[in-house]
């Protein structure tokens, strides 16, 4: 067990940087995640468990490995915590190798995949990651312009799904769609101007679902490359749904159809 009692401690300074800047998360290939949900993180991905001094007895209750335990002075832990009702646990986790490469990617037949173009809201991205796990998606592809995967708000919204879901970043989505076509995987672009209602499309043989930027939607180039354009019928004067809500509706429709088929 290691103790940190001063803000001058180099490891503590690193923790502050991990929370505040993308470049440090990239350099260190790690991130901090708060809450008991992250006790589910695979042990080989855990660098350390951070606890406040006043709550260090919880380490035994939670079965934390002593050699991965870092106890911080309460005031230091509080500065790292983003939760006013903190559960008293922050986990330091290794970031996966997430950058897309067409050379080593293989789609599975009848699989469900989600592709995101320039999603900017961290909460939306985190929610989509969590929902994708629930819907049985095999992977999520994020364009270069999508918000940082390890932004604290993404981590909070995704909960422990982030360490279990395959999330691929820096993806050339045009290249991805070409690869999907070569693998006989149909792509479906969500757009208010779609030609087909989402529940009329056939996802049984597999689907790559495309969701666009919150304000602009999908780019014209991706719309042109997609096999199908689908829309979600709405009542009232609503023009569009939240991106994460739209993704959830589409993924669970695909899951329903694929479950019925099997």
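Here, each number is a calculation from the coordinates, and none is a lab measurement. In this text the structure is predicted, and so the values were computed from the model without any measurement. Note that each Cβ is placed from the backbone with ideal geometry, even for glycine, and that neighbours are counted across all protein chains shown.
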Using a 10 angstrom cutoff on alpha carbons, build the Gaussian network for the chain and name the most mobile of 143, 20, 160. 20
Solvent-free Debye scattering, log10 I(q)/I(0), computed from the Cα coordinates of the range 29-84 at q = 0.12, 0.17 Å⁻¹: -0.26, -0.54
With n ≥ 4 as the cut-off for DSSP H runs, can you work out [θ] at 222 nm for the chain, using -39500 (n - 2.57) per run divided by the number of residues, rounded to the nearest 500? -9500 deg cm²/dmol
Over the range 112-262, with a single point scatterer placed on each C-alpha, what log10 of the ratio I(q)/I(0) does the Debye formula yield at q = 0.14, 0.18 1/Å? -0.61, -1.04
Using a/c under 1.5 as the rounded threshold, could you call the range 1-40 rounded, prolate or oblate? The axes a ≥ b ≥ c are square roots of the C-alpha gyration tensor eigenvalues, and prolate needs a/b larger than b/c, oblate otherwise. oblate
For the Cα atoms of the chain, what angle does the longest principal axis make with the long axis of helix 10-20, in degrees from 0 to 90, nearest 10? 30
Here are a few candidate values for Cα extents along the principal axes in Å: (1) 54, 47, 34; (2) 56, 54, 32; (3) 61, 42, 34. Which one was actually calculated from the structure I just gave you? (3)
Arrange 113, 198 by Cβ neighbour counts within 10 Å, fewest through most, would you? 198, 113
Tell me the volume per residue, in Å³, of the convex hull enclosing the alpha carbons of the range 184-262. 87
In whole angstrom, note down how far apart the Cα centers of the range 159-204 and the range 21-39 are. 27
Can you tell me the 0 to 90 degree angle between the C-alpha axis of helix 243-261 and the longest principal axis of the chain, rounded to 10? 70
What percent antiparallel are the DSSP beta bridges of the chain, to the nearest 5? 25
When only C-alpha pairs under 8 Å and at least 6 residues apart count, what is the relative contact order of the chain, in percent? 19
